[in-house]
Every structure is written in C-alpha cells, then in structure tokens.
1. Once phi is turned into θ = phi - 60°, what whole-Hz ³J(HN,Hα) does the Karplus curve with 6.51, -1.76 and 1.60 give for every residue of segment 42-59, x standing for Gly and Pro?
2. Can you work out the FRET efficiency for the pair SER68 and SER43, with r the C-beta to C-beta distance and R0 = 35 Å, to the nearest 0.05?
Amino acid sequence: MAPLIVILVLLIPILAIVLDSDLGKAIARRLERGRRTGGDGASHDRLVYLESELERLGKEVGRLEEESQFLQKLLAEHNDPDSLPPGGGSGTADPK
C-alpha cells in the first residue's frame, strides 16, 4: 500500500509539469479541436494559429524586456566617462 501512495505522490507533480508545458498545451488544443464539430473549420484553424502566434510574440516580448533591462544595467554601471583608464599606451600619439 505504501509504494502505491509514494508513486501517486510522485506522479502528481510530474503530471502538473507535463500539462503546463508547451507539449501539454498542444495536446489540449488538438483534443479541443477534435471535439468541435460545428462552425467553420478554416476560421477555427486561423484562430488556433493566431493564438499560437500571440503566445510566441508574448515570449519574444519577455525576452526583449530582459535584454533591455540587462543593457540598462550595463549602461548605468559604465555611465561615468572618468571611469575609463587613462590612455598612455604605445598606440597614442605625442601631442607636441
């Protein structure tokens, strides 16, 4: 009896992870599409396509937001022009 409870306890989080993943969402969309029999099939396919594009664009906006925050952080750290080391290497010309 105890091994059965342990297996059930372990399967619940695994099932939640799979159902929340993109694969689980795709399977749910396919099952939902199969149940719908009425209406125009082309408009439904178009709606599914638009929903997937909206999800993709949302992820892309999130990625761009993270990138922008990273760049803003870098610019804030290196905003002081005096923070650069003085040039005095062999590549500089002598101003005489």
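1. Going residue by residue, I get 5, 5, 5, 4, 5, 5, 4, 4, 5, 5, 5, 5, 4, 5, 5, 5, x, 5 Hz, with x marking Gly and Pro.
2. With R0 = 35 Å, the Cβ-Cβ based efficiency is 0.45.
Read the figures in this text as sums done on the coordinates, not as results from a lab. If you're wondering where the values come from, they're calculated on a predicted model, not measured in any experiment. Cβ atoms come from the backbone with ideal geometry, glycine included; neighbour counts cover every protein chain shown.
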